[in-house]
Amino acid sequence: MRDLINKIGIIGPNNKMCSKDLYDFGVQLGRRIATKDRSIICGGLGGFMEAVCKGVKQSNNTFIGQTVGILPSKKSNAANPYIDIAIPTKMGAGRNIIIVRTVHIIIAAGGGAGTLSEIAFAWQLEKKVLCVTLFDGWAKELAGRDLDNRQKGLLVPVNSIDEILKQLGNG
C-alpha cells in the first residue's frame with residue numbers, strides 16, 4: 001500500500017498580514033498541490049489560507065469536499081469563498097490544535113502569532129512542517145531549526161513550489 005500524504009495543512013497569515021506576493025504564491029501553490037486524493041485543511045479564513053484554497057479550486061484536480069476550514073468562530077459563513085466544508089468551532093485560537101492534529105503534513109508561509117502556535121503544536125505532535133523561506137514571518141524564522149531537543153528536523157526549509165512538491169512525493 002502506498003503511503004499517501006492526503007491531508008495537507010495550510011498555515012500562514014490572515015488578510016491583514018498577507019502581502020500580494022504571498023497571496024499570489026498561495027494561489028499558484030494551491031493549483032499545483034491539488035490532486036484527486038488530497039484534501040486541504042486550514043483555518044478557513046482569508047489571506048494565505050484563502051489563496052491556497054482558491055488555487056485548489058482553479059485546478060483540474062479539484063473535487064467537492066476538498067477544502068476544509070476549521071473556523072475560530074461559531075459562524076460557518078465566516079469561511080472564505082473557496083472552502084467546501086466549514087467547521088465552526090467557537091474555539092478562537094484553540095482551533096489551531098485541531099488543524100494540526102488532523103493533517104499529515106503542514107505547509108507554512110509567512111505568519112504571525114497564530115502560525116507560530118500551529119508550528120509549536122506541530123512540533124509537539126511530531127508533524128513535519130514545510131517552512132516557506134520566501135516571505136518574512138515565523139515560517140521563515142523557524143525553517144531548519146529545532147524548537148527543543150525532543151525532535152529533530154521537523155521544520156523543513158523550502159524555497160519553491162517544486163521543493164514542496166518533492167516533499168509531498170510528487171515532484
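The values are calculated or read from the model by the stated rules, or taken from the named source; none is laboratory data. Computed from a prediction, not measured in an experiment: that's the story for all the values here. Cβ atoms come from the backbone with ideal geometry, glycine included; neighbour counts cover every protein chain shown. Ligands, DNA and RNA are stripped out before the accessible areas are found, and what is left, the full protein with its side chains, is counted by its heavy atoms. Shrake-Rupley method; radii C 1.70, N 1.55, O 1.52, S 1.80 Å.
A few points about this structure:
- Test set (1) polar (S, T, N, Q); (2) over 24 Å from residue 55 (Cβ atoms); (3) buried (at least 19 other Cβ atoms within 10 Å of the Cβ) - residue 115 fails condition number: (2)
- Residue in the range 157-166 that is part of a strand (DSSP E or B) and touching a residue at least 12 places away in the same chain (Cβ under 8 Å) present: yes
- Flag for residue 98 being within 13 Å of the chain's Cα centre (by Cα), surrounded by 19 or more Cβ atoms within 10 Å (Cβ to Cβ) and farther than 16 Å from residue 47 by Cα: no
- Subset tally (residues that are under 20 Å from residue 167 (Cα atoms) and open to solvent by less than 90 Å² (accessible area, probe 1.4 Å)) for the range 141-154: 7
- The set of residues in the range 135-156 being touching a Ser or Thr at 6+ places or on another chain (Cβ under 8 Å) and assigned to a loop (DSSP other than H, G, I, E, B) consists of 135, 137, 143.
- Scan of the range 117-134 for residues that are of a type in the set (Asp, Glu) and not in a loop (DSSP other than H, G, I, E, B), ordered by number: 118
- Selection status of residue 93, farther than 14 Å from residue 142 by Cα, more than 14 Å from the chain's Cα centre (by Cα) and open to solvent by less than 30 Å² (accessible area, probe 1.4 Å): no
- Here the condition is being of a type in the set (A, V, I, L, M, F, W, C) and exposed (fewer than 14 other Cβ atoms within 10 Å of the Cβ); of 41, 8, 64, it holds for 64 alone.
- From 138, 123, residue being buried (at least 16 other Cβ atoms within 10 Å of the Cβ), aromatic (Phe, Trp, Tyr) and in contact with a Cys (Cβ under 9 Å, 6 or more places away or on another chain): 138
- Members of the range 61-81 that are within 21 Å of residue 139 (Cβ to Cβ), of a type outside the set (S, T, N, Q) and out of contact with any strand residue (DSSP E or B) (no Cβ under 6 Å at 6 or more places or on another chain): 72
- In the range 51-61, the residues that are open to solvent by 20 Å² or more (accessible area, probe 1.4 Å) and under 20 Å from residue 108 (Cβ atoms): 54
- Failed criterion for residue 70 (all others in (1) at pLDDT below 95; (2) crowded, with 18+ Cβ neighbours inside 10 Å; (3) not aromatic (Phe, Trp, Tyr) hold): (1)
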